């Protein structure tokens, strides 16, 4: 059975206010994760290729600890970006990321998979374009990839306020309009497989921005934005995506008992 794919406009405008209000449900997702360990241990193993994890806005490497530990258990050579806290889509981080990708590729002799959470997914897409010959696949988790150039970012108001305070006085739309970001939109999807994970109930980044027309797949997941890197369903799907053979990549298909649960939680008929 095919995975539910993103419609042309899964949710117009900003995230629903009540979705933003219940973002603390991420704490429940974190608390649930240990209980999901037996199921996660059945996730597919990989071939040991390098995987680079990129944190979301204001996140550090520590925010990716669950994803890092889990992917190491699946046999991957996991690294984090090593640039400290993500404080916005700045040139110095973008340039350093490209160098990091090229170094990992040279050091291991293998292509690197990029997994980016939220703003980290924008960096992942940038790295995939700038160092495409070094990148094997890209997986984004609730990342603002498709920003309307006329309306600007539709991220939740509280997120935009924090972004203005920390990163840029004009908010995330300012960075979405900078040359590097414009180049990303003009180029579209990179040459390697791109998997965009999104949640209809994301209270931070609206689904129409977290999906990408032309991506190899837009995969709906249940849960909050703040809990994506601790969400058992997300971890399972990321492991499945990374385990795809480089020469025989296939779209995600939810199967088995976990697939039944997945489809129940993400069916389009569920209220949003």
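Every number in this text was worked out from the coordinates using simple rules, so none of it is lab data. Note that the structure is predicted; figures quoted are calculated from it, not measured. A quick note on method: Cβ atoms are made from the backbone with ideal geometry, for glycine too, and the neighbour counts reach across all protein chains shown.
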Against the rule of thumb 2.2 N^0.38 Å, how large the Cα Rg of the stretch 20-95 comes out: 1.29
What FRET efficiency comes out for residue 99 versus residue 248 if R0 is 30 angstrom and r is the Cβ-Cβ distance? Round to the nearest 0.05. 0.50
Difference of contour (0.36 nm per residue) and Cα-Cα distance, residue 85 to residue 21: 20.6 nm
Describe numerically, in nm with one decimal, the distance between label points set 7 Å from Cα along Cα→Cβ at residue 191 and at residue 92. 3.2
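Which of 37, 211 has the fewest other C-beta atoms within 10 Å, and how do the rest follow up to the most? Could you put the intermediate results ahead of the total?
Numbers: 37 11, 211 26.
Fewest to most other Cβ atoms nearby, the residues stand as 37, 211.
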Ordered by fewest other Cβ atoms within 10 Å, a rough proxy for footprinting exposure, 196, 134 read 134, 196
Sorting 97, 197 on the 10 Å Cβ count, fewest up front, what's the list? 97, 197
Go ahead and collect, in residue order, the members of the stretch 22-40 whose backbone nitrogen is under 19 Å from a label point 7 Å along the Cα-Cβ direction of residue 158. 22-31
Over the stretch 17-266, calculate the relative contact order: mean separation of alpha carbon pairs under 8 Å at least 6 apart, over the residue count, as a percent. 23
Within the stretch 17-266, percent of DSSP bridges classed antiparallel, to nearest 5: 5
